[in-house]
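We did not get these values from a lab; they are worked out from the coordinates using the rules stated. Quick caveat, the model's predicted, so the values are computed rather than measured. Cβ placement follows ideal geometry from the backbone for every residue including glycine, while neighbour counts extend to all protein chains displayed.
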Amino acid sequence: MITGRIMQYIPLSSGIRIKEGSKVVGHIVEVTPASTGKTARISLQFDKLIWGHQTISIATNLRAIAGFMRINEAQTPPIGPGESDVYRWLTTVQIGGDIVYGEGGPVTTANDPNDVVGKGVYGGVLSQVRASEGAKCRGVIEGNEAPQALWVFSSDACGTYGLEHITIVSAGRSGVTGVIVFSSDRDNLKIPGGAGMLLRINKNRD
Amino acid sequence: MGEEIFTHVLIQKVWMILVALSCAHSLAQPFYSYRQNILDEFVLAAGLAPSVRSGTPDENSAAKGHCAIPAGTILPIRLNSTVSSANPNRDK
């Protein structure tokens, strides 16, 4: 069993929220150890969301994954606080380059400070998801245009960050089962605890 | 003649039974509604009713079953443990 913690509250279109600290549960589908001419692979699937007092079946695909160090970097303001500064109002840089002008402030793209894509909130950001140029990640899907809880990730974050030896072979977008496949050029494929992920709901299974 | 008296008595008895049932029903109605009121008050006082549940709106709505997550919603998560191809069952 694999478990992950929801890192930021998630507003839903119905006006209700998935609380920070809710749990996502998955399992390993298949492991292929590295052998001659073959890379190590892990297939896994996140299929349950434990929210409040109930468990919801979900199918997810992977949009982005980042290592522990990249998450720490994104949470640390590049310019340290001055004497009268409030820490949570300081500017930070998201994984992927978006700039967050503190909690309650706007979130802009890395290239254009006038291109506001979201706003900083407690524990993360609420941003409009954008398609990633040159990558396979999509923008808005299924007409879900609501700002999404992206935590420390940019609105166009896509793929792996800070996990150089890991490649996403399949993001789990094909089919409704959401099997995510990773491979590595090393003998031991290791996704360290503390790694952050942006999972996207494929389809409700019930 | 005897048959007529028998029929008359029978009808009288059936009528009386119906009247008695009707009276019993009308008497029981306020009692049941009173009991329901007491139950409602108890549920409210104990904090069990959805309208006064102490949880946040998300929990209340989830408990009521209004919990469908729209496709395209993003879940930002952090892995609680390491996943490794060398020892994939370590976190079981």
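On the basis of the beta-carbon distance and an R0 of 51 Å, B:Ile17 and A:His53 show a calculated FRET efficiency of 0.50.
With neighbour counts taken as other beta-carbon atoms within 10 Å, the residues A:Thr36, A:Thr109, B:Thr82 rank, fewest first, as A:Thr36, B:Thr82, A:Thr109. The 3J(HN,Hα) values that the Karplus relation (6.51, -1.76, 1.60; θ = phi - 60°) gives for the range A:20-25 are, in residue order, 4, x, 5, 10, 10, 10 Hz. Gly and Pro appear as x. Kirkwood radius for the range A:100-206, taken over all pairs of different Cα atoms as the inverse mean of 1/r, rounds to 15.6 Å. Counting every other Cβ atom within 10 Å of each residue's Cβ, B:Met16, A:Met69, A:Met7 order from fewest to most as B:Met16, A:Met69, A:Met7. For B:Thr82, the residues whose modelled amide H falls within less than 5 Å of its own, excluding neighbours fewer than 5 places apart on the same chain, are A:Gly193. Scanning chain A for GluC sites (Glu not before Pro) that sit in a DSSP loop and have at most 16 other Cβ atoms within 10 Å, the longest stretch containing none of them is A:1-82. Kindly provide log₁₀ I(q)/I(0) values, in the same order as q = 0.23 Å⁻¹, from the Debye equation applied to equal alpha-carbon scatterers of the range A:1-102. Once normalised to I(0) and log-transformed, intensities are -1.23.
A dipole drawn for the range A:1-145 from +1 and -1 charges on Cβ atoms has a positive end, and of A:Ala34, A:Gly118, A:Thr76 the residue lying farthest that way is A:Ala34. Amide H neighbours of A:Ile2 under 5 Å, counting only residues 5+ apart in sequence or on other chains, H built in-plane at 1.01 Å? Under 5 Å from the amide H of A:Ile2 lie the amide H atoms of A:Gly26, A:His27, A:Ile28, each far enough along the sequence or on another chain. Per residue, the convex hull spanned by the Cα atoms of chain A measures out at 140 cubic angstrom.
Considering only alpha-carbon pairs that sit under 8 angstrom and 6 or more positions apart, the relative contact order computed for chain A is 25 percent.
Label-to-label distance, A:Met1 versus A:Val86, with points set 7 angstrom from Cα along the beta-carbon direction: 4.0 nm. Counting neighbouring beta carbons within 10 Å and listing from fewest to most, the residues A:Ser132, B:Ser22 come out as B:Ser22, A:Ser132.
Multiplying the residue separation of A:Asp112 and A:Lys23 by 0.36 nm and subtracting their alpha-carbon distance yields 28.5 nm.
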